[in-house]
C-alpha cells in the first residue's frame, strides 16, 4: 500500500485451512459438526449455533415465549444488544437495577 492509499497499521495473518478453502462462509458442514459435537458432549437436545450474541438473545426471547407487548426488565448498565433485541421485537421495556446494593435490585 502506498502512502496515498492510507497507512498500514497491521497486515492480517489468516492461516489457510480447509474451512477457508471451501466455499462455505456461514452455515455449512463445520457448523453441523459443532452443533452435533456440542449436543453429544453436553448431553443436550437439539443445538443451534447462531452468528452473534444478539442473535442468541433474540432466539432466547422467542424460545421463552416473549411476545410483542410483554414487559422485559433489563439492567441500566448493559450492552446494547440486551435492549435492542427487545425493542426490535416491540416488547415494552422497564430499565431498573441502578444501585449496586442488594436491596435495590429488581
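The values are calculated or read from the model by the stated rules, or taken from the named source; none is laboratory data. Quick caveat, the model's predicted, so the values are computed rather than measured. With ideal geometry, Cβ positions are generated from the backbone for all residues, glycine too; neighbour counts draw on all protein chains shown.
For segment 41-76, which residues satisfy the criterion of being surrounded by fewer than 12 Cβ atoms within 10 Å (Cβ to Cβ), farther than 19 Å from residue 27 by Cβ and in contact (Cβ under 8 Å) with a residue 12 or more places away in the chain?
Matches in segment 41-76: 67, 68, 69, 71, 73, 76.
Looking only at residues in segment 27-57 that are part of a helix (DSSP H, G or I) and in contact with a helix residue (DSSP H, G or I) (Cβ under 7 Å, 6 or more places away or on another chain), which one is farthest from residue 87 (Cα to Cα)? Outline the logic, then answer.
Narrowing segment 27-57 to residues part of a helix (DSSP H, G or I): 29-41, 53-57.
Cutting the leftovers down to in contact with a helix residue (DSSP H, G or I) (Cβ under 7 Å, 6 or more places away or on another chain) gives us 30, 53-54, 57.
Details: 30: 32, 53: 16, 54: 12, 57: 12 Å.
Taking the candidates together, the pick is 30.
What number of residues within segment 77-86 are assigned to a helix (DSSP H, G or I) and surrounded by fewer than 11 Cβ atoms within 10 Å (Cβ to Cβ)?
Restricting attention to segment 77-86, the residues satisfying the condition of being assigned to a helix (DSSP H, G or I) are 80-86.
After this cut, where a residue has to be surrounded by fewer than 11 Cβ atoms within 10 Å (Cβ to Cβ) as well, the list is 80.
The number of residues fulfilling the criteria is 1.
When the residues of segment 58-106 are filtered to those that are at pLDDT 75 or above and touching a helix residue (DSSP H, G or I) at 6+ places or on another chain (Cβ under 6 Å), which remaining residue is nearest to residue 48 (Cα to Cα)?
The selected residue is 58.
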